[in-house]
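Before any comments, here is the structure.
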Amino acid sequence: MQERREHNRRRTLKAGKAVYGDFRYTIDCIVRDLTPKGVRLKSENAAEIPNDFFFYDQSDGSLQRSEVVWRTVNEIGVQFVGDRINIHETHDPRYARFKYM
């Protein structure tokens, strides 16, 4: 099988969240693979994650708009869309609650 990624993926095991519904809902995820352009997430609730959401990376305090590229029962492949938002550097009140998660 031919590799189609622009960047090598880095295997990892860290916490993240899928955030949707105008930042009201979150689903806990485990980050399994990571590249600058996307991520593979594992979650028992993967079926509930919408196709368009924000990925919250707890390790660096960032939110990034994301789109689902592929989906299985408990995993999704995600492509990042747009710029990263650092929750510690923004004054947008919608992101304030993530500072304490």
Karplus-derived 3J(HN,Hα) from phi for the stretch 85-100 (6.51 cos²θ - 1.76 cosθ + 1.60, θ = phi - 60°), whole Hz, x at Gly and Pro, runs 10, 8, 5, 7, 10, 9, 9, 5, x, 5, 9, 4, 5, 6, 5, 10
To make sure I understand the rule: partners must be aspartates and glutamates, Cα under 15 Å from the Cα of K17, and not fewer than 8 residues away in the same chain. Which ones qualify?
D28, D33, E44, E48, D52, D57, D60, E67, E75
Out of Y95, T12, G77 - ranked by how far each Cα lies towards the positive end of the dipole of the chain, with unit charges on the beta-carbon of charged residues - the top one is T12
Whole-Å semi-axes of the chain's equivalent ellipsoid (Cα gyration tensor):
22, 15, 12
Proximal charge balance of N51 [Cβ under 15 Å; K/R count +1, D/E count -1]
-2
About its Cα centre, what dipole magnitude does the chain give when the only charges are +1 on Lys and Arg Cβ and -1 on Asp and Glu Cβ, stated in debye to the nearest 20?
260 debye
Among 64-75, 39-50, 90-101, how do they line up from the highest to the lowest mean number of other beta-carbon atoms within 10 Å?
39-50, 64-75, 90-101
I want to check the label-to-label distance for T12 and F80. Put each point 7 Å from Cα in the C-beta direction and report it in nm to one decimal.
0.9 nm
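Taken together, the values in this text are just the output of simple stated rules run on the coordinates, not laboratory data. Keep in mind that this is a model prediction, so the values were computed, not measured. Counting neighbours? That spans all protein chains shown, and the Cβs are built from the backbone with ideal geometry, glycine included.
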